[in-house]
1. Report the label-to-label distance for Leu501 and Trp74 in nanometres (one decimal), using points 7 Å from each Cα along the Cα→Cβ vector.
2. Provide Ile493, Ile312 ordered by accessible surface of protein heavy atoms (probe 1.4 Å), highest first.
3. State, to one decimal in nm, how far the label point of Glu62 lies from the label point of Cys278, with both points 7 Å from Cα in the Cβ direction.
4. Any chance you could run the full-extension gain for Ala522 through Ile534? It's 0.36 nm times the residue separation minus the Cα-Cα distance, nm to one decimal.
5. What distance in nm separates the two pseudo spin-label positions at Ile489 and Glu322, each 7 Å out from Cα along the beta-carbon direction?
6. Ignoring ligands and nucleic acids, what accessible area does Ile72 show with a 1.4 Å probe (Å², nearest 10)?
7. Sorted by packing (mean other beta-carbon atoms within 10 Å per residue), highest first, where do 419-431, 191-203, 504-516, 81-93 land?
8. Please report, to two decimal places, log10 I(q)/I(0) for segment 411-519 at q = 0.12, 0.14, 0.15, 0.19 Å⁻¹ as given by the Debye formula with identical point scatterers on the Cα atoms and no solvent.
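The values are calculated or read from the model by the stated rules, or taken from the named source; none is laboratory data. Since the model is a prediction, treat every value here as computed from it, not as a measurement. When we count neighbours, we look across all protein chains shown, and the Cβ atoms used for this are built from the backbone with ideal geometry, even at glycine. These accessible areas exclude ligands, DNA and RNA; they are computed on the full protein's heavy atoms, side chains included. Shrake-Rupley method; radii C 1.70, N 1.55, O 1.52, S 1.80 Å.
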Amino acid sequence: MKSSYSTQPPSYSDKKNESFDNPAFVSDNGVIENGHVQKKEEEEFDPWELPELKDTSKPFKEMTSGERVVFILWVILRITLFLGFLYLFICSLDFLSSAFRLLGGKAAGEVFRNNVILRNPVTGVMIGILATVLVQSSSTSTSIVVAMVGAGLLEVSTAIPIVMGANIGTSVTNTIVAMGQITDRDDFRRAFAGATVHDMFNWTCVIVLLPLEVISGYLFRLSGAIVDSLHLEEYKDGKKDLLKAITKPFTKKIVEVDSKAIQKIAKNEDVDTLLKLCCKSETPDPVNVTDANGTWYMEEQDKVCVTPCDFIFKDVGLKDSEIGGILLVIALILLCVCLFAIVKLLNSLLKGNIRKLIKKLINAEFPGKCAYFTGYLAIIVGCGLTILVQSSSIFTSAMTPLVGVGVISIERMYPLTLGSNIGTTTTGILAALTQDADKIRESLQLAFCHLFFNISGILLFYPLPFTRFPIDLAKFLGMETSKYRWFAILYLIFMFFLLPLFVFGLSLAGWQVMAGVLIPLAAIIVTICLIKVIQKKKPSILPKFLRNWKFLPLCCRSLEPIDRVLQLCVCKSVKCCSAGADYTHEPQRDVETTRI
């Protein structure tokens, strides 16, 4: 039974961009132009206000018995479809992770072999990012590093930056998921900001805490003191599947990847394939052997496979990379289809009074002065749910569409993400507990370093409201991508591939070259950020030419020139220039939100 709803208020993307071409200066109240104060558009309309829809359908009380039955059945059907597509969505993320492991797992394992390169902390962060992007799972990359530390192949101090990089790399999944709402500007703005708030928090944590760790080693010292105070024992059942116990029966029928194979590659062992060929193996009983001197002893035998794995991609005659490519295409198609269906079903289910109720519950604040502690409850909820699903990528990816459709605010997504970062560290702790008793100390110390790194980040960027600038950074990215959608793809490629590769390449040339390039770039970025803050808070203390960025060429302060070139290229390729894509005589725009 279909319901009719009144239309939304005009979206931010439908409103005209206000021009700031000739302001005398920008004040706190607006733009002074020709002696009059004009209010900024942002003060008249908040693009981050969650959308409201009035339910104009027939009230349930006024329905006849037959209409009520049809209505209830229609709601049940949509809820069932939503749960089904959500299940397939989680499975598609598992397939995506398996595909990337098959495509890049060997490369990731080989990267971890080079201890000389890994001793550079900046390089370690970049390798952690690249390895996590390749295997699409911070749990996998962290478990590999934990196993290598337990095997004595890596020192704890060397592995800490790699774990920091893994924290950044894990946020690539929900950033990809945000692309599923790219067709609607307003939904995409919210979804991309909700996804990148995870990125911004992880990047800012690394930028602040990595130098602190290099100088003081506080994570190493703190975790070491805690581990030394514990009575450590080996816990073979340390890794338990929770949500995966539901998805595994389906995913393991398609493909199974052996995560231990990547660890073996990192340990310089020969591995023919990353596919899991044996699901259960046992060690036969020792046999009696008599040597040449007649001495009798018991000889241990190697493990024997008693239950071979059986899945579709086994024994198909294809290489790991070929299977990974096929699986990647399947995973992306399934991911897009499920995400499209989930968004449509959410929009259908969460409209009118139902949406108001859910929004009120999720975004509610404690009364009075206790409102400050609401976010901490959200952190606990995010931590608990991530422990349940055993993956921060799955949790944040499931939340991203809800942010896009306007059910969860960016301000509420932020503490949920912080809790998710804490919850994902339990995987490393459980992996450490499965190590042999004589190797468990270093492994557990590294896992605790991961935990306290995330806790330290929360203490830095959450308790005081003015320190929560990852939210502002994410909103800036959301605004940019809503106007220039190609920027989302550029951001994804640059932040998770090109930048780590660039820094990794500099590290190969030596720390002197890397410092000579990165330090000036960092100084320029810090200077620009400081000027931007002063422009916003106290522009009068700046020289007139620094009160805005008009003195710079347009290409240095706006994405519009690039956007024009891309649109002209696209229009020319599809022969649609006649549809109003002529920019030759169009005056240049200079929108405040597109400037640096």
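1. The modelled label-to-label distance comes out at 5.1 nm.
2. Solvent-accessible surface, decreasing: Ile312, Ile493.
3. Distance between label points: 7.0 nm.
4. Roughly 2.5 nm would be gained on extension.
5. A separation of 2.9 nm, rounded to one decimal place.
6. Its accessible surface works out to 80 Å², give or take rounding.
7. Ranked by mean Cβ neighbours within 10 Å, highest first: 191-203, 419-431, 81-93, 504-516.
8. Results for segment 411-519 at q = 0.12, 0.14, 0.15, 0.19 Å⁻¹ read -0.72, -0.93, -1.02, -1.10.
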